[in-house]
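What follows draws every value from the coordinates through simple rules; no lab data is involved. It should be emphasised that the depicted structure is a prediction, and the values quoted were computed from it without experimental measurement. Here Cβ is always computed from backbone atoms with ideal geometry, including for glycine, and neighbour counts include all displayed protein chains.
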Amino acid sequence: MNRRKFLSLAGVATSYSVFVRADGLAEAQAAPLTREDISKAFDTVAPPGPSSASPAHEPHMTLVDLSCDVFIAGGGMAGVCAAVAAARHGAKVILTQDRSRLGGNSSSEVKMHMVGADCSGGRPGWREGGLIEEFRLDDAANNPHRSWELWDLLLYDKVKSEPNITLLLDSPRFSAETKDNQIQRVMVRCDKTEHLYRIKSKIYLDCTGDCRLALEAGAELRRGRETVRDYELFYTDAAGQRHSLVKVAGNHQRLNRHSFAPVEAKSLRLQISATNGAETARVYEVRCYA
Ligand SMILES: Cc1cc2nc3c(=O)[nH]c(=O)nc-3n(C[C@H](O)[C@H](O)[C@H](O)COP(=O)(O)OP(=O)(O)OC[C@H]3O[C@@H](n4cnc5c(N)ncnc54)[C@H](O)[C@@H]3O)c2cc1C
């Protein structure tokens, strides 16, 4: 019987056009999997490490001890770059990410692409170097439609191609043990595979985007928006007269560019009248181009 005839007959007989043959279903029904069988199957997913009995308060979780040179919490761009860089320099890395994909804000989940050094075309020709450049060049060559999901996949591929990286997806890091102001161990959990990871590392990197590891480890933190809010730029002419060049209110940018007709100035003065909450304002650089 040819395929077309089979399908039309099947459709008449049952009014369904697709049959699925589930081999082994009868046997499976006869001997249902136990909870232990399922846990054992999950264990093959976990990276190898000595495992111990579940903690009393987490009866369904298996505790696994892991160690590495560099532990990284957070698989956004900072975490991915740190992991790949460390691995390529020979360090054993554990990268843990609380989502099912890498990329953080730049992933298909949030879709905030990296505009980077060229400021969305504002500074044509400016480029990041290093790994960001490597990833973006790969993306330009292999993902011409700039599909978000392919970007996720590219980052996953970069990480999985490094044999020195153990990647834990869907695994939030949730606590840190400290002694004498040093992190001793961190805890990571993966509820999908029912594992609790107790991880010891030589170096711990917080790439969570919101300092969660630093906060739980009791590290010193700075908060707040430190940019200058309201400012005015003056110049002094040859006769010693002061003139206003630029006046800005409500700024939130770290880098601002202003264009104006050329002037001959003896000196410049930047006057800041308000910050975005910080007690003092800091300006690192003022550049002038003719
Ligand atoms: C408002 C906004 C403005 C931006 N502006 C720019 C810009 O000017 N220039 C530019 O190039 N790009 C910009 N971007 C885009 C770019 O995507 C981000 O700069 C970049 O992705 C930040 O990377 P990150 O790794 O520091 O943090 P994130 O992308 O936040 O990544 C942190 C990751 O850690 C994970 N995580 C958090 N807590 C835990 C935990 N406890 N355990 C495990 N994982 C955890 C999070 O799920 C997340 O995936 C912007 C994005 C946003 C949203």
What are the equivalent ellipsoid semi-axes of the stretch 228-275, built from the alpha-carbon gyration tensor (square roots of five times its eigenvalues), in whole angstrom, biggest first? 22, 12, 7
Can you say what percent of the DSSP beta bridges in the chain, counting only those with both residues inside, are antiparallel? Round to 5. 55
Lysines within cross-link reach of K40: Cα-Cα under 16 Å, excluding same-chain residues under 8 positions apart? K192
Net charge within 11 Å of Q184 by Cβ-Cβ distance, Lys/Arg positive one each and Asp/Glu negative one each, not counting Q184 itself? +2
What's the percent breakdown of Cα-Cα distances in the stretch 51-217 across 5 Å bins, shortest bin first? 2, 9, 16, 20, 19, 14, 10, 6, 3, 2, 1, 0
Find the relative contact order for the chain and round it to a whole percent, using C-alpha pairs within less than 8 Å whose residues are 6+ positions apart. 17
If I model a spin label as a point 7 Å beyond the Cα along the Cα-Cβ vector, how far apart are those points for S100 and V286 in nm? 5.3
Over the Cα atoms of the stretch 180-243, what Rg and Dmax result, in angstrom? 23.8, 77
What helices in the chain pass both tests, a Cα length along the helix axis of 15 Å or more and a mean Kyte hydropathy of -0.5 or higher, using whole DSSP H runs? 3-14, 77-88, 130-142, 148-160
What residue among H195, L255, A219 has its Cα farthest toward the positive end of the dipole of the chain, where the charges are +1 on Lys, Arg and -1 on Asp, Glu, each on the Cβ? L255
Given the rule -39500 (n - 2.57) for each run of at least 4 DSSP H residues, summed and divided by the residues of the chain, what is its mean residue ellipticity at 222 nm, to the nearest 500 deg cm²/dmol? -7000 deg cm²/dmol
Subtracting the Cα-Cα distance from 0.36 nm times the residue separation, let me have the gained length for S67 to S175 in nm, one decimal. 37.3 nm
Pairs of alpha-carbon atoms within less than 8 angstrom and 6+ residues apart define the contacts here; what relative contact order does the stretch 228-275 have, in percent? 55
So if we plug the beta-carbon distance of D157 and K192 into 1/(1 + (r/R0)^6) with R0 = 22 Å, what FRET efficiency do we get, rounded to 0.05? 0.55
Take every DSSP beta bridge whose two residues both sit in the stretch 51-217, then give the antiparallel share in percent to the nearest 5. 40
Under a Gaussian network model of the chain whose springs join Cα atoms within less than 10 Å, the largest fluctuation of A238, A219, A85 belongs to A238
Against the 2.2 N^0.38 Å rule of thumb, the C-alpha Rg of the stretch 123-178 sits at a ratio of 1.50
Binned Cα-Cα distances of the chain, short to long, each 10 Å bin given as a whole percent: 5, 18, 20, 19, 16, 11, 5, 3, 2, 0, 0
GNM top mover of R185, R123, R242 - the chain, alpha-carbon springs below 10 Å: R242
Place +1 on the Cβ of every Lys and Arg and -1 on the Cβ of every Asp and Glu in the stretch 177-231, take the dipole about the Cα centre, and give the residue among Y231, I183, G209 whose Cα lies farthest towards its positive end. I183
Using 17 Å as the cut-off for backbone N distance, which residues of the stretch 191-211 belong to the label zone defined by a point 7 Å from the Cα of S51 along Cα→Cβ? 191-199
